[in-house]
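The values are calculated or read from the model by the stated rules, or taken from the named source; none is laboratory data. All values derive from a computational prediction rather than experimental measurement. Cβ: placed from backbone, ideal geometry, glycine included. Neighbour counts: every protein chain shown.
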Amino acid sequence: MSKKINQWDELKTKNPFKVPDGYFESLTAQIMSQLPEKTDEEITVVNLWDRIKPCLYMAAMFIGIALMIKIFVTPDSKELNLSSETEMEEFYQYYEDQLTNNIYREMVYLNDFE
């Protein structure tokens, strides 16, 4: 066990990696020789349409989503349109009558089967 501890102590003080002599002196020249020659590229002018096009596409997408939500989420025109108090009272009276009739029918039919 003491041998292993001594070997670890030796490895801590030594650097196991070696670099060839003169490697870093020639490294810059070697990298520069492998790079392509620098060419002057033409400056491309981006016109207004190319700049605005992504914003217009995104706006059209959001408008389309809003229209789809409006079409699929809004209630149909066939649903109730209770604009006055009398119409509301009539509707609730009708609804109450229907409920009482249903309850009465259930009670009658259930009593017949018992």
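Data table
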| read-out | value |
| --- | --- |
| The lone exception for V45 - which of (1) under 45 Å from the mean Cα position of the chain (by Cα); (2) surrounded by fewer than 10 Cβ atoms within 10 Å (Cβ to Cβ); (3) modelled with pLDDT under 85 it fails | (3) |
| Qualifying residue in segment 87-97 (condition: hydrophobic (A, V, I, L, M, F, W, C), at pLDDT 80 or above, in a helix (DSSP H, G or I) and loosely packed, with under 10 Cβ neighbours inside 10 Å) | no |
| Count - residues of segment 15-44 that are assigned to a helix (DSSP H, G or I) and of a type in the set (S, T, Y) | 4 |
